[in-house]
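*Asks:* A single structure is presented below for examination.
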Amino acid sequence: MSILFLKLLLAHFIGDFVLQPKSWVQKRREHIGYLLIHVATHTMLLVLLFIPELPDQWQVILFISCAHLLIDSGKIYFEKRFPKRAFLLFIADQTLHILSLVAVILYQYGLSIDWGTLFSPKNLLYVLAFVLTAFVSPIMLRVFFSKWTSEVDVASKPTKSLVDAGMLIGIMERLLIVFFIQVGFLSGIGFLLGAKSIFRFGDLTNAKDTKFTEYILVGTLASFVAGIAIGYGLRIGLQYLV
């Protein structure tokens, strides 16, 4: 089962990212021929990888090729309708491709799930830590800073920042902090704080606003405190509850 899935993944990633020039991606929106060439490339990769088992796996190759054509056609359609949702469509496209490969595995080998292992205390703790880090902490921090938002008037600051970039940076830094704590790389937290301080130095210097500077510093420290609390909470939970 694992060899089959690895072959399918290898063919998918080579076909989608190695053997698909950027020009094909752009031109296939207007000319279906480029899409057909792309799908044919995937088919040939699958044939090459499954040469020894070709008589037994030709149905798999046919199914994946047709599924790939259908999924990519849908992506092209939605790209034209929602040109500003490129990243979301990319994630949806890749997810559907992977699910089509998983469907092949499930069809050939069936579905066998050890629910006890899946919902073990260890796994539940990891999921809980991720939810707290990625979803709960941003809301808590936003509520925490709501009393200063009008006073600092962040919205009026002349910035050219990306949409939701600050929130994503905060989530990623907290995820890194939690990870560093789990692997015992505590110096990484200091490095992360130092790196963020260096990148923020220019913004704080140009702002020339004491309140805004304090707002940024408190926000950074609060984010780190949240990440450290979640990280050590997870570590203690794994030690004493599992």
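*Asks:* Within segment 15-36, count every residue that is surrounded by 16 or more Cβ atoms within 10 Å (Cβ to Cβ), outside any loop (DSSP other than H, G, I, E, B) and at pLDDT 90 or above.
*Replies:* Within segment 15-36, residues that are surrounded by 16 or more Cβ atoms within 10 Å (Cβ to Cβ), outside any loop (DSSP other than H, G, I, E, B) and at pLDDT 90 or above number 4.
*Asks:* In a helix (DSSP H, G or I) and loosely packed, with under 14 Cβ neighbours inside 10 Å: does that describe Thr133?
*Replies:* Against the criterion (in a helix (DSSP H, G or I) and loosely packed, with under 14 Cβ neighbours inside 10 Å), Thr133 does not qualify.
*Asks:* On to the next question. Taking Pro83 as the residue in question, decide whether it is without any contact (Cβ under 8 Å) to a residue 24 or more places away in the chain and over 29 Å from the mean Cα position of the chain (by Cα). Quick ask: steps written out before the conclusion?
*Replies:* Details: without any contact (Cβ under 8 Å) to a residue 24 or more places away in the chain: yes; over 29 Å from the mean Cα position of the chain (by Cα): no.
In short, no.
*Asks:* Also, quick follow-up: Phe5 passes all but one of (1) farther than 23 Å from Leu111 by Cβ; (2) touching a residue at least 40 places away in the same chain (Cβ under 8 Å); which number fails?
*Replies:* Phe5 satisfies every listed condition except (1).
*Asks:* In this structure, does Val152 turn out to be modelled with pLDDT under 90 and either loosely packed, with under 13 Cβ neighbours inside 10 Å or of a type in the set (A, V, I, L, M) (or both)?
*Replies:* When the stated conditions are applied, Val152 passes them.
*Asks:* Considering each residue of segment 230-242, count those that are closer than 16 Å to Thr133 by Cβ and in contact with a helix residue (DSSP H, G or I) (Cβ under 9 Å, 6 or more places away or on another chain), and give that number.
*Replies:* 8
*Asks:* Same structure, new question: Take the residues in segment 182-223 that are outside any helix (DSSP H, G or I) and of a type outside the set (Asp, Glu), then tell me which one is modelled with the lowest pLDDT.
*Replies:* Of everything passing the filter in segment 182-223, Lys208 is modelled with the lowest pLDDT.
*Asks:* For segment 177-194, what are the residues that are touching a Lys or Arg at 6+ places or on another chain (Cβ under 7 Å) and within 18 Å of Ser137 (Cα to Cα)?
*Replies:* Ile181
Here's the yes/no breakdown for (1) under 14 Å from Leu4 (Cα atoms); (2) assigned to a helix (DSSP H, G or I); (3) touching a residue at least 40 places away in the same chain (Cβ under 8 Å); (4) in the same structural domain as Phe13 (by TED's automatic domain parsing):
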{"position": "Met44", "(1), (2), (3), (4)": "no, yes, no, yes"}
{"position": "Pro55", "(1), (2), (3), (4)": "no, yes, no, yes"}
{"position": "Trp58", "(1), (2), (3), (4)": "yes, yes, no, yes"}
{"position": "Leu62", "(1), (2), (3), (4)": "no, yes, no, yes"}
{"position": "Ser73", "(1), (2), (3), (4)": "no, yes, no, yes"}
{"position": "Ile76", "(1), (2), (3), (4)": "no, yes, yes, yes"}
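*Asks:* When the residues of segment 1-12 are filtered to those that are exposed (fewer than 12 other Cβ atoms within 10 Å of the Cβ) and assigned to a helix (DSSP H, G or I), which remaining residue is modelled with the highest pLDDT?
*Replies:* Step by step, filter segment 1-12, then rank; the result is Leu6.
*Asks:* Output the residues belonging to segment 69-95 that are closer than 20 Å to Lys22 by Cβ, of a type outside the set (A, V, I, L, M, F, W, C) and surrounded by fewer than 11 Cβ atoms within 10 Å (Cβ to Cβ).
*Replies:* Correct list: Lys80, Pro83, Lys84.
*Asks:* Working carefully through the options Ile98, Ile51, find the one that is surrounded by fewer than 16 Cβ atoms within 10 Å (Cβ to Cβ) and in a loop (DSSP other than H, G, I, E, B). Please lay out each step first, then the result.
*Replies:* Numbers: Ile98 fails: in a loop (DSSP other than H, G, I, E, B).
Of the residues listed, the single one that is surrounded by fewer than 16 Cβ atoms within 10 Å (Cβ to Cβ) and in a loop (DSSP other than H, G, I, E, B) is Ile51.
The values are calculated or read from the model by the stated rules, or taken from the named source; none is laboratory data. This one's a predicted model, so the numbers in the text were calculated from it and none came from an experiment. Neighbour counts are summed over all protein chains in view; Cβ atoms, including those assigned to glycine, are modelled from backbone coordinates with ideal geometry.
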